[in-house]
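Notes to accompany the following structure.
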Amino acid sequence: MTETHVPEKLKAPVLGAVITVSDRCSRGEAEDRSGPLALARLAEFGVEVAHPVVVPDDIDYIRSALQEALDAGARVIVTTGGTGITPRDNTPEATEPFIALSLDGLAQQIRLAGLAATPLATLSRGLVGVSARGDRGALIVNAPGSTIRRPSRPVKE
């Protein structure tokens, strides 16, 4: 049996941002469930997010929300949604100019974790990286918009 690493809460709070990318949610036609879920998960580790921001699947809107989060001092930014293969899935293209250092291994881990819930997880094109080296850099994570949770796994201590 392999050992599972459980991340610890950060020693000091970190400012974060959650950006939900969804045409339907931005028009009020659907409830944003993935943004509040991401916010709650980040809070468990000491990342403070006031509320999710909801934007349509549009490169300019996504880039504007990312820039606003960086300008506000966010050091962890999670986007949720818009990582698939439909013509309106634009999150990776919008995010790419903000990533100075790509963390492909983390992006792959997100896809692998999603496989426990759906074989479609491998179609996610989400990016993970940091916006800059040093104190002003932010971790940016493109996560799928699905709120399907994978089954719990026992943690070996």
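The values are calculated or read from the model by the stated rules, or taken from the named source; none is laboratory data. Computed from a predicted structure; not experimentally measured. Cβ atoms come from the backbone with ideal geometry, glycine included; neighbour counts cover every protein chain shown. Just so you know, the surface numbers come from the protein's heavy atoms only, side chains and all, with ligands and any DNA or RNA stripped out. Shrake-Rupley method; radii C 1.70, N 1.55, O 1.52, S 1.80 Å.
Against the definition (more than 22 Å from Lys9 (Cα to Cα) and either of a type in the set (S, T, N, Q) or touching a residue at least 60 places away in the same chain (Cβ under 8 Å) (or both)), how does Gln109 come out, yes or no?
So Gln109 fails the test.
Restricted to segment 110-126, and to residues that are open to solvent by 50 Å² or more (accessible area, probe 1.4 Å) and under 17 Å from Ile77 (Cα atoms), which residue is modelled with the highest pLDDT?
Arg125
Return yes or no: is Thr95 assigned to a helix (DSSP H, G or I), under 13 Å from the mean Cα position of the chain (by Cα) and within 22 Å of Ser131 (Cβ to Cβ)?
yes
Restricting to segment 100-131, count the residues that are of a type in the set (Ser, Thr, Tyr), within 19 Å of Asn90 (Cα to Cα) and not in a strand (DSSP E or B).
Within segment 100-131, residues that are of a type in the set (Ser, Thr, Tyr), within 19 Å of Asn90 (Cα to Cα) and not in a strand (DSSP E or B) number 3.
Within segment 27-57, how many residues are open to solvent by less than 50 Å² (accessible area, probe 1.4 Å) and in contact (Cβ under 8 Å) with a residue 24 or more places away in the chain?
11
Which condition from (1) touching a helix residue (DSSP H, G or I) at 6+ places or on another chain (Cβ under 7 Å); (2) surrounded by fewer than 23 Cβ atoms within 10 Å (Cβ to Cβ) is the one that Ile99 breaks?
Every listed condition holds for Ile99 apart from (1).
One line per residue, one yes/no per condition, for (1) part of a helix (DSSP H, G or I); (2) of a type in the set (Val, Ile, Thr); (3) in contact with a helix residue (DSSP H, G or I) (Cβ under 8 Å, 6 or more places away or on another chain):
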position: Pro36; (1), (2), (3): yes, no, no
position: Ala50; (1), (2), (3): no, no, no
position: Val54; (1), (2), (3): no, yes, yes
position: Ile62; (1), (2), (3): yes, yes, yes
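Check off (1) under 21 Å from Ala107 (Cβ atoms); (2) outside any loop (DSSP other than H, G, I, E, B); (3) open to solvent by 10 Å² or more (accessible area, probe 1.4 Å); (4) not basic (Lys, Arg) for Ile85 and give me the number that stays unchecked.
Among (1) under 21 Å from Ala107 (Cβ atoms); (2) outside any loop (DSSP other than H, G, I, E, B); (3) open to solvent by 10 Å² or more (accessible area, probe 1.4 Å); (4) not basic (Lys, Arg), Ile85 violates only (2).
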